[in-house]
Structure formats: structure tokens, C-alpha cells
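Heads up: the structure comes next, in C-alpha cells.
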Amino acid sequence: MPRIRFYLESDPFPLHRSDSCFVSTPPLRDRLQRILDGIREGAKPVCICAPPGSGKTTLLEQARKDLDPQWKVAEVAGASGINRQSFLDAFGSTFDLAPGDDTTLADVLERLDAHLETALPCEMRALVAIVDADCRNARARAQLDTLLARQQSSRVRFLTTRRPAAEDPGDEDAPVMLVDIPPFDRAQSDDYIHTRLSVAGLRGDSPFTDDMLRSIHNASGGRPGGIHQVASRVLANWRNAQRGKGEPGAGRRWTSALRARASRSKESVPDA
């Protein structure tokens, strides 16, 4: 039977992109280490290539946290179009690089390398992270990969995140180092859900039964984004069902739970 006594301080399965809770599993730790090694060694730009909801942004955020202190990161938003202005905006805010009169993206990147040679201490390195670098077609994607590979230097490294495409070359032939993100297996999916509940301040029993966990994993395919969507729906359906049965507090929203937490005067585990 589903458990009915639990309390959560916040939404355990947020759908917004700012969420960056990294749940360490052996495959993800392996991918994270490959990313960090690729950035430090600099043989090729790194490309995190995986479907939507796989955790590309979360993996990138963890890589940023794990980089050595001498790395300075500029993030370019690729979703609105990868162009000269998007790079200038990122470099201006991160490296204090004046726009100048550059006419092409290659000119901007060449100026960045020259600027870092004179403006930053010799031990400092720059990582330019292009998030959602889903170019309009295969040719544009290949051109961007080639440009970044040509501009990568001892001071500047590049990292992109994007969706996979049928036209992507094999890892050995690609001008960038491709890193995929595998889906969770069942045990990892359960661990991920329990970790999310813990981060959200779970008190009392887990709201999910084993059958629920199995259904969430199967429906989501083990992708974090899918887990968030399915788990939120399962939890909402269960809470609505309890409310329909007259269970006290079964329909409480997360915002109400936060207000209730602030007003509590003693330790307790109220009904969900």
C-alpha cells in the first residue's frame, strides 16, 4: 500500500533548467572524469552529446565545480543562435573583453586567445562552454566543430552540449571529443529518486512504493528529465487520490509546505 506519512520541504523533481543536483553513479563519474581530462589535456574540444533530459546541463555544472581554480569559465547560450554577439556578450562579462570591431566569429575567438595571453596570469586558463549548441543543420554543426578545434589553444578550451544527430561522425573522426550520457539502470534510477527526495528534505516514509519506482523507471527510460516528469505526475496523482479520500493535507502544494515549515514550532512529521 502507498505510504501516507511524509513531508517534503521543496519540490523533489523540478523541471526548470537551473536545477543542478548531480547524483553520482559509476557511468556518470566515468563521463565526468572523461570531460575533465579532455578539458585539461586539450587535444580536442569536448562535446557532451545526448538527447534532451539526459542531464547534459547538470553534468556540465558538476564539471565546472570540479575544475581546478585556475580555470575561468565563460558560458555562451547557444539556444538562441550561435553567433558573434553571443560570444562577445559571454566574453565581455567573464573576461572583460571589449567588443571591438570584429567581423566574424573566428576573429572574436582569435582576439580572445590574444587577450588572455596579456590580461590573465600565466597559470590561468579559459573554458568556453557553449550550452545547447544545436546548430540549424549538419553543415553548420560541422563548421562550428572545426572552428572550435582550430581555435583551441594552450590557454583556451571549448566545450559544447548538444543533441546527437545521425550525421555525427565517429569519435575518432570527429574534430571534437564526443561524450555521451547513458541512461540509468533500474537500481540507479531508484537511487536517483531517493537522493532527490533526500535533497528535498523528505521526512517520514518515501511516497513511492516499489511498483511506483518500477513504473517511473520504465516510463522514463532512465533519463533524469523523464524521471522528473513521470515522478511528478505519479506523486501528484497519488496526492489527488488521497485528497479525494478525505486524507488531511493530501493536496498540499510545495509552496504551502514551505510556509508550514517556517511556522512550525516543534519537530513533527505531518501528513503529506
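Read-outs throughout are calculated quantities, based only on the coordinates presented, and are distinct from any laboratory measurement. These numbers were taken from a predicted model, which means no experiment stands behind them. Note that each Cβ is placed from the backbone with ideal geometry, even for glycine, and that neighbours are counted across all protein chains shown.
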Cut-off is 10 Å between beta-carbons; in what order do V176, V156, V131 appear when sorted fewest neighbours first? V131, V156, V176
Taking R0 as 25 Å, what FRET efficiency do you get between T94 and E167 from their Cβ-Cβ distance, rounded to the nearest 0.05? 0.20
Residues K65, K72, K44 in order from fewest to most other beta-carbon atoms within 10 Å are K65, K72, K44
Let me spell out the model: positive unit charges on the Cβ of Lys and Arg, negative unit charges on the Cβ of Asp and Glu, origin at the Cα centre of the range 158-247. What dipole size does that give, in debye rounded to 20? 820 debye
Label points 7 Å out from Cα along the Cβ direction at D30 and D210: separation in nm? 2.8 nm
Farthest toward positive dipole pole in the range 26-179 [+1 Lys/Arg, -1 Asp/Glu at C-beta], among V76, S153, V179: V179
Label-to-label distance, nm, for residues given as N83 and T103 (7 Å Cα→Cβ offset): 1.8 nm
Roughly how many debye, to the nearest 20, is the charge dipole of the range 121-175 about its Cα centre, given +1 on each Lys and Arg Cβ, -1 on each Asp and Glu Cβ, and no other charges? 300 debye
Taking 41 Å as R0, compute the FRET efficiency from the Cβ-Cβ separation of N240 and D191 and round it to 0.05. 0.90
If R0 = 25 Å, then A142 and A114, at their Cβ-Cβ distance, give a FRET efficiency to the nearest 0.05 of 0.45
